[in-house]
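S.K.: Attaching a single structure in structure tokens format; questions to follow.
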Amino acid sequence: MTVIKRTGAWVVTMYWPEGASGSVGPREVHVVPADDADPQEVARGISSTVLRRINTTPSRDFAAMRSLEKAADMDIRQLGKRLTSLPSGLTDERLAVLSALYVHFVDAGERAPAQRLAVGFDLNPATVKGHLRAARQRGFLTKVEGKAGGQLTDKAVQTLRGMKSGAGTEEV
């Protein structure tokens, strides 16, 4: 199992052996500069503060990521890399990925799934909420009144499957 997170200027990739339970830490951790990282921050190197911010507890992530892998019919490592490499705009691809992550965090019992997305991928919480609103408006995520939730639409699933086959999307 692979989990990829963004921490400041760094992309953290953690690997767990096949069949590992949620109580076992990762076997490998790779920390590399993000493509769009501030050069001055990268020049300062990986500090102990950056390392302390890496959450290696996989339990909730494992359930959500396994579900996402099934729904997207896609290797989670590919999806994580795709998300960290996507531009911040409102592309179909980005909205589908964020919607899928959101649904699976909700299904995993996360009380604040949008906040979890923001923290897990080092995004602004207001941006995540705006993107989820756009995902609902553009038909990637169903609406639920008054609480967290929703389901992926066929459009979202098709977009995720198109990512697997290498299809690109245009920003609108």
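Just so it is clear, none of the values below were taken in a lab; they were calculated from the coordinates. Keep in mind that this is a model prediction, so the values were computed, not measured. Virtual Cβ from ideal backbone geometry, glycine too; neighbours counted across all protein chains shown.
S.K.: Could you sort the peptides 134-147, 40-53 by per-residue average Cβ neighbour count (10 Å cutoff), highest mean leading? Show your work: numbers first, answer last.
M.R.: Values: 134-147: 15.3, 40-53: 11.8.
Result, highest mean Cβ count within 10 Å first: 134-147, 40-53.
S.K.: Need one number: nm distance between label points at Arg133 and Val42, each 7 Å from Cα along Cα→Cβ, rounded to one decimal.
M.R.: With each label point 7 Å from Cα toward Cβ, the separation is 3.4 nm.
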